[in-house]
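To start, the structure itself, in structure tokens.
The values are calculated or read from the model by the stated rules, or taken from the named source; none is laboratory data. Worth saying up front: this structure is predicted, and the values here are computed from it rather than measured. Ideal geometry is used to build each Cβ from the backbone, glycine not excepted, and the neighbour counts take in all protein chains shown. Ligands, DNA and RNA are excluded from the accessible area calculation, which covers all protein heavy atoms including side chains. Shrake-Rupley method; radii C 1.70, N 1.55, O 1.52, S 1.80 Å.
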Amino acid sequence: MKFRIIIILVLGFVFSSSWLIANGQITDEQKSRLNYYFETSTGISHFYLRDRATSPLLYSGYNFASQAKLSFLNEKIRHGAILNFVYGSLNPNSKISSANLENLYGEIGFYYFHRIRKFNEIPLNVFGGASINLNGGFRDHSRFTNNSFSFDQANTLNVNVLAEYPFQVFGKNFMVSFRSFVPIYAFVVRPAFASSRPSSFANSSGSDIADYFNSGFHATVNKFFRWNNCFELQYEIRNSNRIKLSYSWDYYKIGGQKTMESASHYLMFGTMFSF
Amino acid sequence: MKRVLIYILTIIIISSCEKALIKPDPENTPINNFDYLWTDLYERYSFFEYKEINWSEIYLKYRPLITNDIHDTTLFRVMSEMLYELKDGHVNLSSPFDVSRNWEWYLGHPQNFSWEIIERNYLNGEYRITGALRNKVLDENIAYIYYPSFANAVNNYHISFLFNEFKDTEGIIIDIRNNGGGSLSNAKLIASRLALEKHTAGYSYVKSGPGKGDFVRGNDFIIEPVEDMIKYTQPVVVLTNRSSYSASSFFVLFVKDLPNVTIIGDTTGGGGGLPISGELPNGWTYRFSSTITTDINGFNIENGIPPHIKRDISESDRQSGVDSILEEAISFIKNKK
């Protein structure tokens, strides 16, 4: 338990430090040139999922996806927070028409990037940085009884790379960006071996928080792997406001006795309001 | 610069490649389906040791009957026969054309209940239906409640209403014969309304790993009386038979040690393992027990809880329209006065 508290404190320190460093590095003059954006996007996600704790079958389907983002950026810095939400039904690739999974996925992330390379030949900027993500997938099997509810929840520390390429077409400002991240550390909570509840909740200590931390495990890439890529095309409309079209691909796998893996494609359209 | 572009293009090309990372579904063959079912039960079924079942021997007995060219009905029959060996009413295999089951927990014993006899000869066709509870005050000033299934919800309003209606009776008979189970929360609610003080009724053990002895202690079954709600302090008799299964057995576990409660009838059907579900590569579903439940003395309730007073309905009584278990309960309450 003490080790887990230390991990949480370290993650909190990393996040708050990145935030303070980011603001500390920004001079007053630079702060006045910071752009703040509130972004919202909606679209669809093609979700694939196989949770071997409940079924050997790969479930898939088109789900509703939405995202909200608060971003702060200037010439050298990108940082902000992202909130993702996916909801819909998934079905196996079989002729069992009644097999159905209700899928709910949510994620919150905090990121910080600093420019590491600016190319002179072409206006390409490359950023490196870190992010902290908390995500959770919750599923309900329509044909199951006591263990119809299944879930996975992961808290990750990730390394990120971001490339931005602004360009003009017919005098209009566009930008295409690519962001990718992989986790270097994760704390993962899943149901117990033969239950739909985390292991420590089966014999509760009376404290939900203590039970939560006692149910999870620390993981590096051998037990938890994730790869997330996102392509964005932004078009500046007026007053620094933008519209954007994004395509993301996300894959993650949780190892162990009963592996869980998920892959999803997102196609989303959104707006970026500058303030 | 060229190198950076190559890196970026490489990432773009190999991204979105879940087909390379996620394996296809396991091949839907009879052998794969059989092996998957056997393996999942081997890892997660909770009663092999208690029932002295050698699951590996069962595999050697039934696996030779499976080949990849057999029909679905043959596959279903063989897997059903294999599951039948577990002698567990919580074990079922569901296909689009049939559901396997083992109902020996009641078929091999006297029925000891007829709703027709109760409704015609004791309730005279007149009774209240309070939520899921059929109830009436019998001529002997004893309240009778029949609860057909714990899957039907009861709430504190129902219980408070009935306790108030029955406050001047000499006792209550709660009949859960032929109650095949349902929600444990309904069983716990009624038990908490009968309890006069907090007590631990039993313990649970949850399968925690694939090994035979891989169990962890689950949450104890603690029954706490509900504060600020009407209580009933007169004698309570619970009627059981072999068809009182699953949540009914848990209800008996929760109340059997209460000072004002007596169990009369036959041993309950059992069903002390919480069933969980799984799915085969061909889409068929199955369920099986994954926990163990004992009373506070370590008695495993899987094969049923014996009553305090054993009573059967004889064939002659049944033919005469007499429910001798109910008669025993009425006599017991009268003598308790």
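The table below gives the values:
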{"read-out": "Residues satisfying the stated conditions in the stretch B:257-284, i.e. of a type in the set (D, E, K, R) and at the interface with another protein chain (Cβ under 7 Å from one of its Cβ atoms)", "value": "B:279"}
{"read-out": "Positions within the stretch B:285-297 being touching a residue at least 60 places away in the same chain (Cβ under 8 Å) and more than 14 Å from chain A (Cβ to nearest Cβ), in sequence order", "value": "B:294, B:295, B:296"}
{"read-out": "Criterion (open to solvent by less than 20 Å² (accessible area, probe 1.4 Å), within 14 Å of chain B (Cβ to nearest Cβ) and among the hydroxyl-bearing types (Ser, Thr, Tyr)) met by exactly one of A:180, A:142", "value": "A:180"}
{"read-out": "Candidate set: the stretch A:161-177, residues that are within 12 Å of chain B (Cβ to nearest Cβ) and open to solvent by 20 Å² or more (accessible area, probe 1.4 Å); chosen: the one farthest from the chain's Cα centre (by Cα)", "value": "A:165"}
{"read-out": "Enumerated strands (runs of 3 or more DSSP E) restricted to the stretch B:175-285, each holding at least 1 residues that are open to solvent by less than 10 Å² (accessible area, probe 1.4 Å)", "value": "B:199-207, B:221-223, B:236-240, B:261-265, B:275-279"}
{"read-out": "Residue list for the stretch A:47-97, restricted to those being over 19 Å from the mean Cα position of the chain (by Cα) and of a type in the set (Phe, Trp, Tyr)", "value": "A:59"}
{"read-out": "Among (1) open to solvent by less than 70 Å² (accessible area, probe 1.4 Å); (2) assigned to a loop (DSSP other than H, G, I, E, B); (3) within 28 Å of residue A:146 (Cα to Cα); (4) hydroxyl-bearing (Ser, Thr, Tyr), the one test that residue A:205 misses", "value": "(1)"}
{"read-out": "Single residue of the stretch B:298-318 satisfying the filter (open to solvent by less than 50 Å² (accessible area, probe 1.4 Å) and closer than 19 Å to residue B:101 by Cβ) that is nearest to the other protein chains (Cβ to nearest Cβ)", "value": "B:302"}
{"read-out": "Residue within the stretch A:109-122 that is assigned to a loop (DSSP other than H, G, I, E, B) and either crowded, with 16+ Cβ neighbours inside 10 Å or modelled with pLDDT of 95 or more (or both) present", "value": "no"}
{"read-out": "Residue among B:246, B:204, B:208 that is on the phi > 0 side of the Ramachandran plot and within 14 Å of chain A (Cβ to nearest Cβ)", "value": "B:246"}
{"read-out": "Residue B:127 crowded, with 16+ Cβ neighbours inside 10 Å and either touching a residue at least 24 places away in the same chain (Cβ under 8 Å) or within 14 Å of another protein chain (Cβ to nearest Cβ) (or both)", "value": "no"}
{"read-out": "Sole residue being under 30 Å from residue B:203 (Cα atoms) and of a type in the set (D, E, K, R), chosen from A:253, A:223, A:258", "value": "A:258"}
{"read-out": "Within the stretch B:153-174, tally of residues that are part of a loop (DSSP other than H, G, I, E, B) and polar (S, T, N, Q)", "value": "2"}
{"read-out": "One residue from B:226, B:216 being farther than 27 Å from residue B:304 by Cβ, of a type outside the set (Lys, Arg) and either within 14 Å of another protein chain (Cβ to nearest Cβ) or touching a helix residue (DSSP H, G or I) at 6+ places or on another chain (Cβ under 7 Å) (or both)", "value": "B:226"}
{"read-out": "Candidate set from the stretch B:45-83 (those that are within 14 Å of chain A (Cβ to nearest Cβ) and open to solvent by 10 Å² or more (accessible area, probe 1.4 Å)); member that is nearest to residue B:277 (Cα to Cα)", "value": "B:48"}
{"read-out": "Among (1) under 30 Å from residue A:254 (Cα atoms); (2) at pLDDT 95 or above; (3) out of contact with any strand residue (DSSP E or B) (no Cβ under 7 Å at 6 or more places or on another chain); (4) among the aromatic types (Phe, Trp, Tyr), the one test that residue B:7 misses", "value": "(2)"}
{"read-out": "Test set (1) in a helix (DSSP H, G or I); (2) under 15 Å from residue B:236 (Cβ atoms) - residue B:118 fails condition number", "value": "(2)"}
{"read-out": "Residues being assigned to a strand (DSSP E or B), open to solvent by less than 40 Å² (accessible area, probe 1.4 Å) and of a type in the set (A, V, I, L, M, F, W, C) - total across the stretch A:40-72", "value": "5"}
{"read-out": "Matching residues, the stretch A:183-198, being open to solvent by 60 Å² or more (accessible area, probe 1.4 Å) and not in a strand (DSSP E or B)", "value": "A:197"}
{"read-out": "Output for the stretch A:233-273, where each listed residue is surrounded by fewer than 20 Cβ atoms within 10 Å (Cβ to Cβ), in contact with a strand residue (DSSP E or B) (Cβ under 6 Å, 6 or more places away or on another chain) and within 9 Å of chain B (Cβ to nearest Cβ)", "value": "A:247, A:249, A:253, A:265"}
{"read-out": "Counted residues, the stretch B:21-44 - those being free of Cβ contacts under 8 Å to residues at least 24 places away in the same chain and open to solvent by less than 40 Å² (accessible area, probe 1.4 Å)", "value": "1"}
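Residue by residue, here is whether (1) within 30 Å of residue B:222 (Cα to Cα); (2) under 23 Å from the mean Cα position of the chain (by Cα); (3) not aromatic (Phe, Trp, Tyr) holds:
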| site | (1), (2), (3) |
| --- | --- |
| A:193 | yes, no, no |
| A:212 | yes, yes, no |
| A:223 | no, yes, yes |
| A:233 | no, yes, yes |
| A:246 | no, yes, yes |
